[in-house]
1. Using +1 at the C-beta of Lys and Arg and -1 at the C-beta of Asp and Glu, which of I222, T155, G143 has the Cα lying farthest in the positive direction of the dipole of the chain?
2. Along the positive direction of the dipole of the chain (beta-carbon charges: Lys, Arg +1; Asp, Glu -1; about the Cα centre), which of M243, G110, Y28 reaches farthest?
3. Over the chain, calculate the relative contact order: mean separation of alpha carbon pairs under 8 Å at least 6 apart, over the residue count, as a percent.
4. What order do you get for C115, C104 when you list them from fewest to most C-beta neighbours inside 10 Å?
5. Please work out how much length the chain gains when fully extended from S20 to Y236, using 0.36 nm per residue of separation minus the C-alpha to C-alpha distance, in nm with one decimal.
6. Would you work out the charge dipole size for the stretch 1-157 about its Cα centre, treating the Cβ of every Lys and Arg as +1 and the Cβ of every Asp and Glu as -1, and quote it to the nearest 20 debye?
7. Treat every Asp and Glu Cβ in the chain as -1 and every Lys and Arg Cβ as +1, leave all other atoms uncharged, and give the resulting dipole magnitude about the Cα centre to the nearest 20 debye.
8. Arranged by the count of other C-beta atoms within 10 angstrom, fewest first, what order do T242, T93 take?
Amino acid sequence: MAPLIFPEIDPVIFHLGPLSVRWYGLMYVLGFLASYILVRRQIRQHSYHRLDEHFENLNMVLILAVIIGGRLGYVLFYNLPYYLAHPLEIPATWSGGMSFHGACFAVLLGGWIYCRIKEIDYWKAADIYTATIPIGLGLGRIGNFINGELYGRTTDVPWGMVFPGGGPLPRHPSQLYEALLEGFLLFVVLWSVRNKPWDNLRYWPHGSIFALFLAGYGCMRILVEQFREPDQQIGYLLDLFTMGQILSGVMVLAGLLVWIFRLRRAGT
């Protein structure tokens, strides 16, 4: 059976003079917009006026954290020797190279600092926001697919696809696996239980949705990394794990520790 051929999708939607509007950038915008709408909905549902008061400013902090943290995470985790030799290219996000794990750390840190300064309950805010994050993750992976990047390992499955730049052999469309698992499925899980910390604090203390996101994303990313082509400049660490799997393992551990910590606090 002949492998599927990568669809020829122009990554540029249209041009505005010297500027190019790309599908990948549009996916970021749609992800931020979806999160904005659903976070606002939850704030109003739970009448969380303290967060509502600072909602717009907190959004700006988190958006900046995503961009700065995503870029610095890629530089530090995935290609540090190159950027040490070419430091002027570090801000060049348009050339590609963003790390979810770096963005995640920056968002958590930036959100914590802002919430502490403005006296917002960090755990409530974290639950509200993380329930919506998978939408942006799923859209981002679709953007990766359109760009023909971050494709999977070679395979003989019927849906294997020949990617531009990936050689003549069919590969797993791992971007779509991630869009399904880290995007759609994780969103369904988190959105279905998003109200539990507001209804059952003893077994679902505030911070539980946040913890579930960390552990859930980490597990799904570890699984998908089995099908995704390792980064060429890194390969396998300890001849066994990819960088994505190691960082995701830290997320799983962090999620479990947060949940245990919050359960103990709820029981006191």
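1. I222
2. G110
3. Once normalised by length, the contact order is 20 percent.
4. Numbers: C115 21, C104 24.
Sorted ascending by nearby Cβ count, the order is C115, C104.
5. Stretched out fully, the S20 to Y236 stretch lengthens by 74.2 nm.
6. That gives the stretch 1-157 a dipole magnitude of about 320 debye.
7. Charge dipole of the chain: 960 debye, to the nearest 20.
8. Lowest to highest Cβ neighbour count: T93, T242.
No value in this document is a laboratory result; all are computed from the given coordinates. Everything quoted here is computed from the prediction, not taken from an experiment. Backbone-built Cβ (ideal geometry, glycine too); neighbour counts: all protein chains shown.
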